[in-house]
1. For the range 213-221, state whether one or more residues are crowded, with 24+ Cβ neighbours inside 10 Å, in a helix (DSSP H, G or I) and of a type outside the set (A, V, I, L, M).
2. Has the range 402-412 got any residue that is open to solvent by less than 80 Å² (accessible area, probe 1.4 Å), polar (S, T, N, Q) and within 30 Å of Val337 (Cα to Cα)?
3. Could you go through the range 470-483 and let me know if any residue there is under 15 Å from Thr328 (Cβ atoms) and in contact (Cβ under 8 Å) with a residue 24 or more places away in the chain.
4. Which residues, taken from the range 495-521, are open to solvent by 10 Å² or more (accessible area, probe 1.4 Å) and either closer than 16 Å to Cys269 by Cα or under 18 Å from the mean Cα position of the chain (by Cα) (or both)?
5. Quick check on this structure: which one of Ser380, Ser304 is at pLDDT 95 or above and in a helix (DSSP H, G or I)?
6. Exactly one condition in (1) over 24 Å from Leu360 (Cα atoms); (2) open to solvent by less than 70 Å² (accessible area, probe 1.4 Å) is not met by Ala452; state its number.
7. Could you list all residues from the range 416-443 that are touching a Leu at 6+ places or on another chain (Cβ under 7 Å) and aliphatic (A, V, I, L, M)?
8. Using the structure shown, decide if Val204 is closer than 19 Å to Lys470 by Cβ, buried (at least 24 other Cβ atoms within 10 Å of the Cβ) and of a type in the set (A, V, I, L, M, F, W, C).
Amino acid sequence: MLSTLQPPWSLSRFPLHHLSSIKPRSLTFTSVSSSSSSLSSSINSLPVTTSALTDPSPYSSQILTLRHSLLCRSLTATQLAESYLARLRVTEPQLNSFLHISDNVLKQAQEIDDKIDKGEDVGPLAGVLVGVKDNICTADMPSTGGSRILENYQAPYDATTVRRMKEKGAIVVGKTNLDEFGMGSTTEGSGFKVTSNPWDVSRVPGGSSGGSAAAVSARQCMVSLGSDTGGSVRQPASFCGVVGLKPTYGRVSRFGLMAYASSLDVIGCLGTSVADTGILLHAISGHDRYDATSSRREVPDYTSQFTSINLVESRPLKGLRIGLIRETLDDGVDNGVKSAINGAASHLEELGCIVTEVSLPSFSLGLPAYYILAASESSSNLARYDGVRYGNQAVADELNLLYGDSRAKGFGPEVKMRILMGTYALSAGYYDAYYKRAQQVRTLIRKSFKAALDANDILICPAAPSAAYKIGEKKNDPLAMYAGDIMTVNVNLAGLPALVLPCGFVEGGPAGLPVGLQIIGAAFDEEKLLKVGHIFEQTLQGYRFVPPLIAGDVV
């Protein structure tokens, strides 16, 4: 398997900074009331302009608005950074979105202001505050993968995606929480803390990119990066009421992403709007010589697909063929989710689309095939964490004991279980019965998606069979938790792009719980997904996807 943790020799000149004093669980913020009035008063006490704290319109691009404000001097990057850090201090004790917070945010913001004052180019992401999932390597902060075995580990280099964002002026505000090594659907599997959902802090934010989704939803950062192996960007986006984009396999470099299942892993984007998500995708996409699986296809200008609502025709998607996957609305899907998805399909018809049901007979086979393949690849990829090559080392008198004790103390129960499952599936007596058959099912799934996308421009379905559930509700029932991935894993097996955006609510929590619509496209056709998603969110009436935790702050 391709090792995405080992830096190439050409990067060995970067120093390895040991920050042993930094511990992911040591963030200390003063807890406050969860009421929006308390939050607003705490933030408004700072000398920051109101425009730094509000969204100009529900679905406008924060990134483009920020760039305009910076260049016309109506706002400084430092003012914006101060406002986001103030909100983060207030909300973080309740959410636990971050494992590490950067000490350099204000310094980097001031550097951007200085460049603007001198008339220098500051890049398309200047001043944009980004959260980065903690299984994506950063040179200036620890990268733990949410695991005790990598506690305090600091990579000597930035992942390609992080480097590209920084080159374009982005500021990494911190590293977000996740299920250990990306193995989980709730973020309860983190080795350090449990993240809460901004819509209801007693519920999970989804996983494994739950920290990234919660941070964007609570406006602790503008956009964030996550990783998606079987839905780990899309399901949290649905649970937290934000936009999540899983690109085509190979569109974005995986160099610097801690490998879980190398044939399935992709780095994805989360934002409060389709436009911001597309802008972030454009910034990180493209071939990378450090990742042999990255595509050499030209990266299109995704921003060309974003049209102002004032210029949209009455039926802007006239003639677009959409297939609603029949198997995703069968028994096992909450009625409220079905209602929201059917409502989204009706809205697409009003926009001119032709919506028909399509059947993917192999859809139900994706879940068992995924867990066999992902566990098998993880058992190989995680072999490097032995206390010698990578990982904290246990004290032992004998080499085998050192390996065993380091892994026993460093890995959590979910990771151990998946390693055992994968090792079993790859063993000589069971390889053909499990791993080989799962690969054959993967081929069937690819063919069924190709046939459906030959007959339709895009496919739609729910992003999850339910809205966010209570913390602890499924922690001791792994099969129930795994079943929640049924809507997303097939897309990874087929290597296709998919966009999730909020489309409605179900009952629950203090203000309802968001439901996400998943839009699936052909390989490398992210442009079409972004165009459809952008028009959909601009024309959807009667919804405001701002969690009650910060509702009084974001106007």
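1. yes
2. no
3. Within the range 470-483, one or more residues are under 15 Å from Thr328 (Cβ atoms) and in contact (Cβ under 8 Å) with a residue 24 or more places away in the chain.
4. So the first thing to find is which residues in the range 495-521 are open to solvent by 10 Å² or more (accessible area, probe 1.4 Å), and the list is 495-496, 502, 505-512.
Hits for the range 495-521 are Gly495, Leu496, Pro502.
5. Ser380
6. Unmet condition: (1).
7. Matches in the range 416-443: Ile419, Ala438, Val441.
8. So Val204 passes the test.
The values are calculated or read from the model by the stated rules, or taken from the named source; none is laboratory data. Values in this document were obtained by computation on a predicted structure and should not be read as measured data. Counting neighbours? That spans all protein chains shown, and the Cβs are built from the backbone with ideal geometry, glycine included. Ligands, DNA and RNA are stripped out before the accessible areas are found, and what is left, the full protein with its side chains, is counted by its heavy atoms. Shrake-Rupley method; radii C 1.70, N 1.55, O 1.52, S 1.80 Å.
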